[in-house]
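Worksheet: the structure to be examined is printed underneath.
Taken together, the values in this text are just the output of simple stated rules run on the coordinates, not laboratory data. Please read all numbers here as calculations on a predicted model, not as lab measurements. Cβ atoms come from the backbone with ideal geometry, glycine included; neighbour counts cover every protein chain shown.
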Amino acid sequence: MLEATITLRTYTHLQYFTDLWEFTTVTGLLKNLVSERDAAGLAEYLVIDTGERIRLDRVVNVNGTFAPPFRHYHDFTCDC
């Protein structure tokens with residue numbers, strides 16, 4: 001699903017946890033998926049249009065579809 005969204009270059013509603021475990025919601029373009037090796041092993045990142053890299057294991061929701069580890073979460077955002 002992420003690959004298709006990147007290819008279509010459509011604006012995306014994205015919710016994720018930061019490195020400090022802050023719950024964040026953004027709307028923007030998904031640019032790329034990258035993998036890097038770090039001290040803990042292989043880490044995969046989602047790159048968004050601001051240049052920010054978000055670990056895939058911290059992505060909660062993309063366009064209303066929850067990632068498997070976060071399926072029990074509820075969407076408490078407000079579009080007001």
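Could you please tell me which pairs satisfy a Cβ distance under 7 Å, a separation of 6+ or placement on different chains, a first residue in segment 47-71 that is more than 17 Å from L20 (Cβ to Cβ), and a second residue that is assigned to a helix (DSSP H, G or I) and polar (S, T, N, Q)?
Sorted first by the residue in segment 47-71, then by its partner, the pairs are V62/T5.
So in segment 9-30, with the set limited to residues that are surrounded by 11 or more Cβ atoms within 10 Å (Cβ to Cβ) and among the hydrophobic types (A, V, I, L, M, F, W, C), which one is nearest to F66 (Cα to Cα)?
L14
Quick one: which strands (runs of 3 or more DSSP E) lie wholly within segment 1-73 and hold at least 2 residues that are of a type in the set (S, T, N, Q)?
Hits in segment 1-73: 12-17, 23-28, 30-38.
When you go through D57, D49 one by one, which is the residue that is touching a Pro at 6+ places or on another chain (Cβ under 9 Å) and surrounded by 10 or more Cβ atoms within 10 Å (Cβ to Cβ)?
Answer to the check: D57.
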